[in-house]
């Protein structure tokens with residue numbers, strides 16, 4: 001599969017000189033027929049009460065093949081990650097690596113660190129279970145402490161997450177903050193700031209179910225789950241109460257059902273990280289006599305003791321982080337990148353500073369300032385707006401810029417092959433051909449990226465649907481019909 005994707009990417013790259021190549025004469029009747037077909041698709045009665053924003057351009061000749069509401073601001077959902085990644089790549093570079101350090105101001109005596117171990121985060125989002133990276137990092141840290149002569153920590157393990165702001169995204173909806181996909185970003189992130197909530201049935205119908213949650217999440221539980229009759233339907237609902245620190249878990253689980261798991265966002269990522277670190281060090285033979293803690297907000301009242309760095313760990317490069325972010329649409333990574341863009345210009349890194357830095361970049365690229373409104377990095381916010389035309393302009397810039405073309409295109413999901421479109425467009429001319437970013441929140445669907453026509457012409461497109469009442473699958477189906485029409489198109 002990797003080879004097939006590589007061939008696909010190389011074939012598009014080969015057609016992309018940074019000046020448009022000569023293209024044979026086209027049949028205008030074919031272009032008009034394509035536009036008419038796309039018009040019929042987007043006029044489907046299932047979405048008559050919704051709004052489509054669409055722009056399709058050729059990258060081989062100066063022509064727009066189709067446009068509908070291309071300058072209307074639309075909620076983009078995860079298509080906002082295109083803007084975030086473009087700004088991050090330009091600001092940080094594709095080889096950028098996040099740095100995490102183990103520091104102390106204490107002395108080492110007879111194998112003991114006579115004070116606190118401080119882990120200083122700067123936003124590495126990859127210390128998680130993907131490819132067992134967290135285990136590898138904790139192995140590395142335990143070995144580094146032993147090499148420094150430390151087999152016991154007499155003080156606490158303290159998390160310093162001051163490099164990045166930890167506030168949730170602007171405009172995030174209260175009714176999904178409990179879910180793992182809405183985990184907040186900060187300077188210390190373990191397991192993507194999510195924990196697994198486990199629900200087990202009781203011994204018989206009518207008994208309380210058992211609910212388990214790791215103790216380090218900062219979350220309390222309000223328990224309203226009962227055991228249902230054998231064979232009954234299982235329904236588990238989770239709400240996060242207004243104060244943010246409690247999960248209200250309700251529903252029923254059949255007496256003969258297997259345990260049910262749900263990924264939830266933790267309330268205190270820094271403590272979640274330090275708790276995991278204490279457990280990891282203990283399991284690797286480094287005794288910790290203190291507690292997992294976070295650096296208090298009043299740290300600047302008393303000047304801190306000077307620290308020295310015991311060990312430094314670098315994350316994988318941005319090109320690898322970005323591929324995960326775009327392929328699986330990982331929201332935490334996008335929020336972290338936005339704040340890290342901000343940290344390049346001001347400390348601590350905030351989303352507000354990141355938005356300002358992104359706007360300065362887009363201004364230099366001549367992206368119209370009235371063509372987008374960026375509230376967050378991931379597209380979870382319903383305050384995000386962007387036009388289909390703006391997304392196409394950004395995609396074209398990334399495609400034509402030699403510093404960005406290869407690594408950016410490689411981050412995109414490939415139709416029928418991987419990422420969020422791995423199960424879409426199979427068995428069509430779009431399979432293995434379309435590279436595009438999806439977007440999906442309530443009443444929003446989007447797909448934007450690149451494809452090749454039957455002639456080998458490279459197109460850039462953005463298709464965004466808002467305010468529809470039809471099922472999301474229906475809207476995606478109409479988008480896929482349009483994509484197949486484009487992939488099947490011949491200009492001659």
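Observations on the structure shown:
- Considering the conditions (1) in contact (Cβ under 8 Å) with a residue 24 or more places away in the chain; (2) closer than 30 Å to residue 147 by Cα; (3) surrounded by 15 or more Cβ atoms within 10 Å (Cβ to Cβ), residue 267 is excluded by exactly one of them, (2).
- Of the residues making up segment 393-404, just one is surrounded by fewer than 19 Cβ atoms within 10 Å (Cβ to Cβ) and either touching a helix residue (DSSP H, G or I) at 6+ places or on another chain (Cβ under 6 Å) or outside the structural domain of residue 60 (by TED's automatic domain parsing) (or both), namely 404.
- Among the residues of this structure, residue 299 does not count as one that is farther than 19 Å from residue 408 by Cβ and at pLDDT 95 or above.
- Residues of segment 463-477 classified as closer than 18 Å to residue 383 by Cβ and either surrounded by 20 or more Cβ atoms within 10 Å (Cβ to Cβ) or outside the structural domain of residue 54 (by TED's automatic domain parsing) (or both), total: 2
- Pick from segment 105-133, criterion assigned to a strand (DSSP E or B) and in contact with a helix residue (DSSP H, G or I) (Cβ under 9 Å, 6 or more places away or on another chain), ranking: nearest to residue 312 (Cα to Cα): 119
- Residue 124, sole failed condition from (1) touching a residue at least 60 places away in the same chain (Cβ under 8 Å); (2) within 29 Å of residue 348 (Cβ to Cβ); (3) surrounded by fewer than 20 Cβ atoms within 10 Å (Cβ to Cβ): (3)
- Candidates 371, 389, 349 - the one that is in the same structural domain as residue 67 (by TED's automatic domain parsing) and under 21 Å from the mean Cα position of the chain (by Cα): 349
- Test result for residue 414, crowded, with 23+ Cβ neighbours inside 10 Å and at negative phi: yes
- In segment 330-356, the residues that are surrounded by fewer than 24 Cβ atoms within 10 Å (Cβ to Cβ) and closer than 13 Å to residue 83 by Cβ: 355
The values are calculated or read from the model by the stated rules, or taken from the named source; none is laboratory data. Treat the numbers as computed from the prediction; the structure is a model and nothing was measured. Virtual Cβ from ideal backbone geometry, glycine too; neighbours counted across all protein chains shown.
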